[in-house]
Amino acid sequence: DTEVTQTPKHLVMGMTNKKSLKCEQHMGHRAMYWYKQKAKKPPELMFVYSYEKLSINESVPSRFSPECPNSSLLNLHLHALQPEDSALYLCASSQGGGLYNEQFFGPGTRLTVL
Amino acid sequence: DAKTTQPPSMDCAEGRAANLPCNHSTISGNEYVYWYRQIHSQGPQYIIHGLKNNETNEMASLIITEDRKSSTLILPHATLRDTAVYYCIVRRSGAGSYQLTFGKGTKLSVIP
């Protein structure tokens, strides 16, 4: 299984809602990532988990809260988002860091904040 | 990580080779060149990476100049399904190095 799956595919939420994005991989990878991609822009790294511990937080606002319950799952909890947070949220995984960093990406969740 | 420069767009006739250039003049000795592509509305897909030798896999070839200041990704027989944004990324190989910093990429259009 060489897939990274993400649910839901699309999400519409209001600014007062709480929602979660989910990501799953069964490749035995020990690093997992969240990226944000605005329309017509390249992906931007948000968080990195390595061995289920938060390794990198790229100064992301606290209304985005990542969670890694186990080595196969990665969640992104959303609360009190703003319309400018509307974007494609991509999850990725890799065997590790350094040279072994061929990252496998999921199809993304397209988020719209009203 | 070193910065990369790519043309914003390119066209290629179907069946011909697509040659996508990338400049990375400030690359360091321990930095690798990675290529990813992103087909519309999909997640990025890894293509190939290299340090200084030319590399080939089932998807593409990567040619790195001797001074390592530039590289070219070659898709030998482009098909319509190769229409995508292609990203050239330079990154360190050290342990604990996780970041992929995407630039603006090259939008490749394969034309029938």
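The values are calculated or read from the model by the stated rules, or taken from the named source; none is laboratory data. Remember, predicted model here, so these are calculated numbers, not experimental data. Note that each Cβ is placed from the backbone with ideal geometry, even for glycine, and that neighbours are counted across all protein chains shown. For accessibility, only protein heavy atoms count, side chains too; no ligands or nucleic acids. Shrake-Rupley method; radii C 1.70, N 1.55, O 1.52, S 1.80 Å.
For region B:55-104, the relative contact order works out to 22 percent when only alpha carbon pairs closer than 8 Å and six or more residues apart are counted.
Label zone (B:S9, point 7 Å along Cα-to-C-beta; backbone nitrogen cut-off 16 Å) within region A:40-60: A:40-41. Using the Cβ-Cβ distance between B:T65 and A:E84 with R0 set to 45 Å, the FRET efficiency from 1/(1 + (r/R0)^6) comes to roughly 0.65. Amide H contacts for B:K107 (H built 1.01 Å from N in the peptide plane; partners 5 or more residues away or on another chain; cut-off under 5 Å): B:S9, B:M10, B:Y86. Cysteines of chain A lacking any other cysteine Cβ under 4.7 Å from their own Cβ: A:C68.
What translational diffusion coefficient, in µm²/s and rounded to a whole number, does the Stokes-Einstein relation yield for chain A at 37 °C and a viscosity of 0.692 mPa s, taking the hydrodynamic radius as the Kirkwood radius over Cα pairs? If you can, show how the numbers build up before the last one.
Values: Rh = 14.0 Å.
This corresponds to a translational diffusion coefficient of 234 µm²/s.
In a reduced charge model with +1 at each Lys and Arg Cβ and -1 at each Asp and Glu Cβ, chain A shows a dipole moment near 380 debye about its Cα centre. From the Cα gyration tensor of region B:20-104, with a ≥ b ≥ c the square roots of its eigenvalues, which class applies: rounded if a/c is under 1.5, or else prolate if a/b is larger than b/c, or else oblate? It comes out oblate by the Cα gyration axes. Accessible area per residue (1.4 Å probe, heavy atoms of protein chains only) ranks B:T106, A:T5 as A:T5, B:T106, with the largest value leading. Each residue of region A:64-72 was assigned a 3J(HN,Hα) from its phi angle through the Karplus expression (A = 6.51, B = -1.76, C = 1.60, θ = phi - 60°), giving 9, 10, x, 8, 10, x, 7, 5, 9 Hz with x at Gly and Pro.
Each Lys and Arg adds +1 at its Cβ and each Asp and Glu adds -1 at its Cβ; summed about the Cα centre, the protein assembly as shown shows a dipole of about 560 debye. For B:I48, the residues whose amide H sits under 5 Å from its own are B:W35, ignoring neighbours fewer than 5 places away on the same chain, with H placed 1.01 Å from N.
Calculation over all alpha carbon pairs of the protein assembly as shown in 10 angstrom steps from 0 returns a P(r) of 8, 32, 34, 20, 5, 0 percent. For A:K38, give me every one of the lysines with a C-alpha distance below 20 angstrom, ignoring sequence neighbours fewer than eight places off in its own chain. Candidates past the 8-residue exclusion: A:K9, A:K19, A:K22, B:K104, B:K107. Taking Cβ separations below 4.7 Å as the criterion for a possible disulfide partner, the isolated cysteines in chain B are B:C12. Against the criterion of solvent-accessible heavy-atom surface with a 1.4 angstrom probe, A:D85, B:D11 sort, most first, into B:D11, A:D85.
Computed on the Cα atoms alone, the convex hull of region A:64-105 gives a volume of 88 cubic angstrom per residue.
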